[in-house]
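The values are calculated or read from the model by the stated rules, or taken from the named source; none is laboratory data. Just so it is clear, the structure is predicted and the values come from calculations on it, not from any experiment. What goes into the accessible areas is simple: the full protein's heavy atoms, side chains included, and nothing from ligands, DNA or RNA. Shrake-Rupley method; radii C 1.70, N 1.55, O 1.52, S 1.80 Å.
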Amino acid sequence: MPSMNFIPHFLLSLAIFSLLTSCGPSYVYEEKHEFEEQTWAWKDTIDYTFEVPDTSTIYDLHLIVDHKDYFPSQNTYVKLKLAFPDGARTDEQLSLQLADKLGTWLGSCRGEDCTLDIPIQQGAFFNQAGMYTLTVEQYSRTEDLEGISAMTFALEEISK
């Protein structure tokens with residue numbers, strides 16, 4: 001039979017767990033794309049379509065990269081293409097740093113699976129309400145990037 005001291009400790013643990021799990025970012029949009037066989041090929045472009053209802057809201061934009069600990073590089077390049085509701089487009093090349101100069105992974109790793117949240121733009125606002133599409137393309141020297149298992153785009157609302 002458990003002692004009476006068990007119940008207060010259990011309740012305290014439950015309260016701490018609730019606080020820790022509720023303190024993460026609040027994404028208004030999040031979509032994950034998984035790559036077959038943990039390989040991201042040039043042909044595998046990813047489209048994320050999301051709505052911006054209010055032009056006065058400020059957002060942080062995130063790419064969350066899931067990769068294996070055997071990924072051969074410290075970084076990888078991507079092309080980001082953003083299509084606006086009025087048809088205008090932007091195009092940007094970006095290096096995603098996955099490891100530091102000593103080769104230590106920057107994200108959290110469990111076994112051979114690593115995850116890194118990369119803020120790609122902070123304090124962003126959209127000057128048009130409507131539907132946007134972010135296209136992410138693999139843009140490295142290698143046609144097939146082995147060791148990339150998933151890419152998630154997340155839109156975090158910072159303020160209204």
Area accessible to solvent at Thr55, 1.4 Å probe radius, in Å²: 60 Å²
Cα Rg, Dmax (largest Cα-Cα span) when computed across region 20-149, Å: 15.7, 45
Region 90-149 - convex hull of alpha carbons, volume per residue in Å³: 151 Å³
Mean shadow area of region 78-123 over all directions, Cα convex hull, nm²: 4.9 nm²
